[in-house]
Amino acid sequence: MITCPFCFVKVAPNRVAFRCLGPSGRTVGCAPQPDGMLGAFRGGPNPPVLPPVFSVRRPGRRAVCPTCSRESAWRVCPSCHNRLPAEYCANPGKIVALVGAKHAGKSTYIAVLVHELMNRVGEELNASLVPCDDRTIERYKTDFARPLYADHKLLTFTQSSANVPRDPLVYLFTRTLGSRLRRRTASLTLVLFDTAGEDLRQREMSELHLRYLQAADAVIFLLDPLELPGAQAALHGSARERGGTLADDLMSDQMDVVVRVTELLRKRDKGRVTIPTAVALSKIDELRESMERQSALHRTREPIGALDLDDREAVDEQVRALLHQWQAGMVDRYLSQQYDDYALFGLSALGAVPEGETVARSGIRPYRVEDPLLWLLYRFKMLDGIRR
């Protein structure tokens, strides 16, 4: 089965549809017409005008339009009519659900994680991360990379998908494994969907978010430690002003978001949640001064091209201790009751406290931002784990 990375409906490979290429120059093709199904998915008063969608009995990489006889390689989802990237259909997709309350920094986390996978971490793992479609290229550059890396501006809060429909970011991640004589490649498709905190405020989530979470192969929860009452006393300088801003927003409590998402995942799994789940404290740089010097969160991860299991366990234990120290031990207790496979992380996408609405003058210096994904790659059997 293929899970559409846009509407998250499962599609059998023999049910994948195609879109006619339409007329081109002197080449005859079906005339464009309003696509009501795609228009309903994207929202707005006017549906896009495109060549029609058709089905064939035995779809392959290409199919012949039964109306105009023109061959097409444009595969589309039969449920929403979004184009399915060719690489996504050819490789097993892994949908990573990224969730968290308001202000947790989900958009910034995606921006920096993708940048690191394309550069520093990609080089370490002998891996490539390439976008699967033009919309991913355009959206990442416009909504993430340009404002953060070029303009050095903090990303604005993600708007609810009920008001602004958003496409997910779809990437093909490929690693070269084995020795020089017995090399092989392993690939998976990462689908990153940027959920707004507003979309998770109520148990009655949108149908799109319900399907998204039900289709997830893994979950990354981002928790903002600045909003944990017990951690606010450890904040210094401008970080103190940035903490506790949601104290009066009763529907944005971080524990409540964890519970809402967990309830949905439990319904899917009919009991304890079985998919690997990473729970990460974001913005940990703003609290590192208050931690003991021997804390595992004072150490940077060594680039060894594998998951250091000793380091992983040390960080997990440190974050668990911090949650209890910051009067948030219920988060850990609840996770242990509801999840078969979860791990705790501490990270910072920016690496330094922002200066107003801009990145710190020292620049973007991510700290352990890749840790949750490395652990998920280990769980997906795409990364070795070692004891040192």
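The values are calculated or read from the model by the stated rules, or taken from the named source; none is laboratory data. A quick note: this is a predicted structure, and the numbers were derived from the prediction, not measured. Accessible surface areas use protein heavy atoms only, side chains included; no ligands, DNA or RNA. Shrake-Rupley method; radii C 1.70, N 1.55, O 1.52, S 1.80 Å.
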Amide H contacts of TRP74 (H built 1.01 Å from N, under 5 Å, at least 5 apart or other chain): ARG19
Compute and list, largest first, the equivalent-ellipsoid semi-axes of the stretch 9-54 from the alpha carbon gyration tensor, each √(5λ) rounded to a whole angstrom. 21, 18, 5
By the C-alpha gyration tensor axes a ≥ b ≥ c (rounded if a/c is under 1.5, else prolate when a/b exceeds b/c, else oblate), the shape of the stretch 1-103 is oblate
Can you give the accessible area of GLU71 in Å² (nearest 10), computed on protein heavy atoms with a 1.4 Å probe? 90
Let me cross-check MET1: its accessible surface, 1.4 Å probe, with only protein heavy atoms counted, in Å² to the nearest 10? 150
Taking the Kirkwood radius as the inverse of the mean 1/r across Cα pairs, report the Rg/Rh of the stretch 298-353. 1.01
What is the log10 of I(q)/I(0) for the stretch 305-388, computed with the Debye formula using one identical point scatterer on each Cα and no solvent, at q = 0.11, 0.14, 0.19 Å⁻¹? -0.40, -0.63, -0.97
Solvent-accessible ranking of ARG211, ARG184, ARG299, largest area first, probe 1.4 Å: ARG184, ARG299, ARG211
Probe 1.4 Å, protein heavy atoms only - accessible area per residue of the chain in square angstrom: 48
Output wanted: per-residue J couplings in Hz (rounded whole) for the stretch 142-151, from phi through Karplus 6.51 cos²θ - 1.76 cosθ + 1.60, θ = phi - 60°, x for Gly and Pro. 6, 8, 10, 5, 4, x, 7, 8, 8, 8
I need two numbers for the stretch 95-149: Rg to one decimal and Dmax as a whole number, Cα atoms only, in Å. 12.1, 35
Listed pairs LYS10/LYS94; LYS102/LYS381; LYS10/LYS141; LYS10/LYS102; LYS94/LYS283; LYS94/LYS381 exceeding 22 Å between Cα atoms: LYS102/LYS381; LYS10/LYS141; LYS10/LYS102; LYS94/LYS283
Helix runs (DSSP H) in the chain reaching 15 Å along axis by Cα, Kyte-Doolittle at least 0.0: 106-118
Taking θ = phi - 60°, what integer Hz values does the Karplus form 6.51 cos²θ - 1.76 cosθ + 1.60 yield along the stretch 9-19, in sequence order, with x for Gly and Pro? 8, 7, 10, 5, x, 7, 10, 4, 9, 10, 10
If LYS270, LYS106, LYS141, LYS283 are ordered by their accessible area, calculated over protein heavy atoms with a 1.4 Å probe, which sequence runs from highest to lowest? LYS270, LYS141, LYS283, LYS106
Pop out the carbon and sulfur fraction of the accessible area of the chain as a percent, whole number, probe 1.4 Å. 48
How large is Rg over Rh for the chain, taking Rg from the Cα atoms and Rh as the Kirkwood inverse mean of 1/r across Cα pairs? 0.99
Pull out a ≥ b ≥ c, the square roots of the eigenvalues of the alpha-carbon gyration tensor of the stretch 52-174, then state rounded if a/c is under 1.5, prolate if not and a/b is larger than b/c, and oblate in the remaining case. prolate
So what are the ³J(HN,Hα) numbers for the stretch 121-137, from phi and the Karplus equation (6.51, -1.76, 1.60; θ = phi - 60°), rounded to whole Hz, Gly and Pro as x? 6, x, 5, 4, 8, 6, 10, 10, 10, 10, x, 8, 8, 5, 5, 5, 4
Solvent accessible area, Å² - VAL64, 1.4 Å probe, full protein context: 80
Under 5 Å from the placed amide H of LEU281, counting only residues 5+ away or on other chains, we find LEU223, PHE345, GLY346, LEU347
Largest to smallest accessible area among ARG57, ARG368 [probe 1.4 Å]: ARG57, ARG368
Cα Rg, Dmax, the stretch 256-365, angstrom units: 16.0, 49
Residues whose modelled amide H sits under 5 Å from the amide H of LYS94, counting only those 5 or more places away in sequence or on another chain, are THR189, LEU190, VAL191
